[in-house]
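Working notes, beginning with the structure itself.
The values are calculated or read from the model by the stated rules, or taken from the named source; none is laboratory data. Nothing here was measured: the structure is a model prediction, and the numbers come from that model. For neighbour counting, all protein chains shown are included, and Cβ atoms are generated from backbone atoms with ideal geometry for every residue, glycine included. Accessible surface areas use protein heavy atoms only, side chains included; no ligands, DNA or RNA. Shrake-Rupley method; radii C 1.70, N 1.55, O 1.52, S 1.80 Å.
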Amino acid sequence: LGGWSVVDTFTTMAAAPSIPTLVSPASNAMNLPNIDTLVCTSSTGAAQYHWQLSMALSFSSFAVNDSTSDTARAVSGLTPGTKYYWRVEAINPSGGSGFTGPDSFTVMAAPVAPALLVPASNATFQRADTLAFKWHSVAGATGYDLQLSDSMSFATAATVTEDSLSDTTYAATKLMNLEKYYWRVRAYNPGGVGAFSSPDSFTTKIAVPEQPPLVEPAMSATGVPRR
């Protein structure tokens, strides 16, 4: 028999990674505010994670279709009120685990515009010293913004701009007398800021006249002739 050849070596490829599990968002979660990260579990032997996020269950189009070395993928710019589907595959040089999922979640929609209540539309003779404003509550709203202006277009700086009102009422003070005002309200929540209501208007009443001074006859005067 001849002698053995020089010893050589080789290394087998690593096994394909195990299939990851979708962690966050939770399965079929509804009305999620401000989704900014997708998370899955780590997979044995994974070098990267391939993420796919789509508005179509068929994944015929993508909002996300790329890979990361981590088990989290940042996302942004999701459309409020929209249902998304997502899935993940672990990969290494030996191949892929196959996609896990898909699962779905729905992004919270911004609230609708509130309906204005008080002052009544085109109301006149409204108080200027303290005037109450009221509007209907909106489902899902966490707060309200109010604008009050003497301009119908709200192009000029608003007389009053109140942000982050937690209630559906507001009291304005020190308005001008005999002035026409326009006002509108919008609602917001973690899903975004809703549209302003259609502007409504009212007119404040004329100022109460000043008390006139007494001139003649002089105070406590006596012997005043008749005229």
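Give me the net charge for the shell around S151: Cβ to Cβ below 12 angstrom, other residues only, Lys and Arg +1, Asp and Glu -1.
Values: positive: K180, R184; negative: D150, E179.
Overall, the nearby charge balance is 0.
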Along region 169-176, Karplus-curve 3J(HN,Hα) (6.51, -1.76, 1.60; θ = phi - 60°) to the nearest Hz, with x for Gly and Pro, reads 9, 7, 10, 9, 10, 6, 7, 7
Please list, by residue number, everything in region 84-100 whose backbone N is under 18 Å from a paramagnetic label point 7 Å out along Cα→Cβ of D66.
86-91
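Would you mind getting the accessible area per residue of the chain, heavy atoms of the protein chains only, 1.4 Å probe, in Å²? Write down the numbers at each step before the final one.
Working: 14130 Å² over 227 residues.
Heavy-atom SASA per residue in the chain reads 62 Å².
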Pick the calculated log10 I(q)/I(0) by the Debye sum over Cα atoms at q = 0.07, 0.09, 0.13 Å⁻¹ for this structure from (1) -0.31, -0.48, -0.85; (2) -0.49, -0.64, -0.85; (3) -0.27, -0.44, -0.86?
(2)
Say each of L117 and A132 gets a label point 7 Å from the Cα, pointing the same way as Cα to Cβ; how far apart are those two points in nm?
0.9
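Apply 1/(1 + (r/R0)^6) to the Cβ-Cβ distance of L57 and T142, taking R0 = 35 Å, and write down the FRET efficiency to the nearest 0.05. Spell out each step's value before the answer.
Working: r = 31 Å, r/R0 = 0.88.
In this case the efficiency is close to 0.70.
Per 0.36 nm of contour for each residue apart, how much would the distance between N28 and T82 grow if the chain were fully extended, relative to their Cα-Cα spacing?
Values: separation 54, 0.36 × 54 = 19.44 nm, distance 1.24 nm.
Extra length from N28 to T82 when fully extended: 18.2 nm.
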Would you please give the residues with an amide H less than 5 Å from that of L32, counting only those at least 5 places away or on a separate chain, with H modeled from the backbone geometry?
T106, V107, M108
Check which residues have an amide H placed less than 5 Å from T21's amide H, if you skip close sequence neighbours.
T41
Residue by residue, what Karplus-based ³J(HN,Hα) values in Hz, rounded to whole numbers, does region 122-127 have, using 6.51, -1.76 and 1.60 with θ = phi - 60° and x for Gly and Pro?
6, 5, 10, 6, 8, 5
Using amide H atoms built in the peptide plane, which far-off residues or other-chain residues are under 5 Å from Q48 H to H?
I91
